[in-house]
Amino acid sequence: MNARYYLLFLLLWGYTLQAQDFSQYKEGFLRLTPNDSIPGFIERTGEKQLAKTVSFLPVLDERMEVQVYQPGEIHGFGFVGGNEYQSLVGNFVNPNLPSVAVFTFARLRIDGRLQLLEVVEEDAKYPIFALRKGNQLQMLRSPEAQPNRSRVEQMEAWNRNRLQVLLGDCDKVKNSLFRLRVERERLIELARSYNQCQQKKEKLSWEEEEKASISFLPGVEGGFLTPRIDRTDFFAVGAGFFVEKLDPLMQQRLSWSIGAQAWAGRAENDAGISGNIYMLRIPVKLNLALTMGEIKTIWQGGAMTAFYRDMRSVGWEFEPQLFMGLGVQLGQLRILGLAEKGFNALPNDFGFQLNVSYLLTKR
């Protein structure tokens, strides 16, 4: 009887030990590459131990063999809802041996386009940090760890110069580097500011892309047309609207548009017959912007389908036309002088137009 109790006690004790072993494992994941992760369970040890090795189980099963990884063998690991760590290689463990490269798992403090990692070093009085942007990695040591003031100033200059290269594409962050201290809170603020700066740039870039690839920009225009050589006296005024499409690759320079115009005027021919003239035109325009100094000049050319009616006409007549000219652009306003050529039965069918257009949406 005593033997049975003793055996039952041993079995319960064994299960208890097994449960205690599994209690050290927390739900987490391994990152084999930046974009490839495996779910499982990570043994929760101290920060200094996690900097050296990580123990991983795909499932909590005593039959499964614990997988142990060292820095450099995987991209990193992390705990669900907790800290994440990444492999780093550098000479940061012993500053007196700059040629020695050492692998470690560093804790990820800030994730984003710019990542901030903190290196756990044995018996370190001052923490060591790393900033990673894509394939660029910059280690940062606290200048206060240096033995004298001269070395402190050298380390401050060293940190500042390298960060200006790494983060120089964001003016707000670049201008703050002169006041930078290698401290956890300051670097967290720096990394967040840089990522916010990049998000704004990416958002603006995305909006411009969307505008160029999807949106049509609406606009209105008006003009004055005079004289055509086949008539002794001619003038007309017109107004219309158009939609403009920016070229996706050259959106700041090249665009095309299509619109509709209505014109009304007065004309007199060589026989002395005068009367009203009316035109409906559908122009297709190509605009090329050229910046010279502070002035943006616009070259415009295109073709249009025109329907007109004048004192010679029994009804509406059709005429294809070409036009070309130059002008200036001031913000969303354009002022152009255009020469027109029609192709109807009459020879020398030329006209000259002063065109003013306005984009209702900024490009």
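The values are calculated or read from the model by the stated rules, or taken from the named source; none is laboratory data. The shown structure was predicted, so the numbers you read here are calculated from the model rather than taken from an experiment. As a convention, Cβ positions derive from the backbone with ideal geometry for all residues, glycine included, and neighbour counts pool all protein chains shown.
Things to note:
- Of the candidates 185, 156, the single residue that is over 17 Å from residue 133 (Cα atoms), of a type in the set (Asp, Glu) and exposed (fewer than 15 other Cβ atoms within 10 Å of the Cβ) is 185.
- Any chance residue 281 is in a strand (DSSP E or B), out of contact with any Cys (no Cβ under 7 Å at 6 or more places or on another chain), modelled with pLDDT of 85 or more and among the basic types (Lys, Arg): yes
- Selection within region 46-63: residues that are part of a loop (DSSP other than H, G, I, E, B) and either touching a Gly at 6+ places or on another chain (Cβ under 6 Å) or free of Cβ contacts under 8 Å to residues at least 12 places away in the same chain (or both). The member of this set that is farthest from residue 127 (Cα to Cα) is 63.
Table: residues versus (1) assigned to a loop (DSSP other than H, G, I, E, B); (2) modelled with pLDDT under 85.
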residue: 65; (1), (2): yes, no
residue: 68; (1), (2): no, no
residue: 93; (1), (2): yes, yes
residue: 121; (1), (2): yes, yes
residue: 150; (1), (2): no, yes
residue: 154; (1), (2): no, yes
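- When residue 224 is tested against (1) at pLDDT below 85; (2) more than 19 Å from residue 334 (Cα to Cα), just one condition goes unmet, and that condition is (2).
- Residue that is nearest to residue 129 (Cα to Cα), among those in region 188-207 that are of a type in the set (S, T, N, Q) and modelled with pLDDT under 85: 198
- The single condition among (1) in a helix (DSSP H, G or I); (2) crowded, with 18+ Cβ neighbours inside 10 Å; (3) modelled with pLDDT of 80 or more; (4) aliphatic (A, V, I, L, M) that residue 165 does not satisfy is (2).
- Members of region 230-259 that are over 14 Å from residue 360 (Cβ atoms), among the hydrophobic types (A, V, I, L, M, F, W, C) and at pLDDT 75 or above: 235, 236, 237, 239, 254, 256, 258
- Exactly one residue among 315, 342 is over 42 Å from the mean Cα position of the chain (by Cα), surrounded by fewer than 13 Cβ atoms within 10 Å (Cβ to Cβ) and either modelled with pLDDT of 90 or more or not acidic (Asp, Glu) (or both), and that residue is 315.
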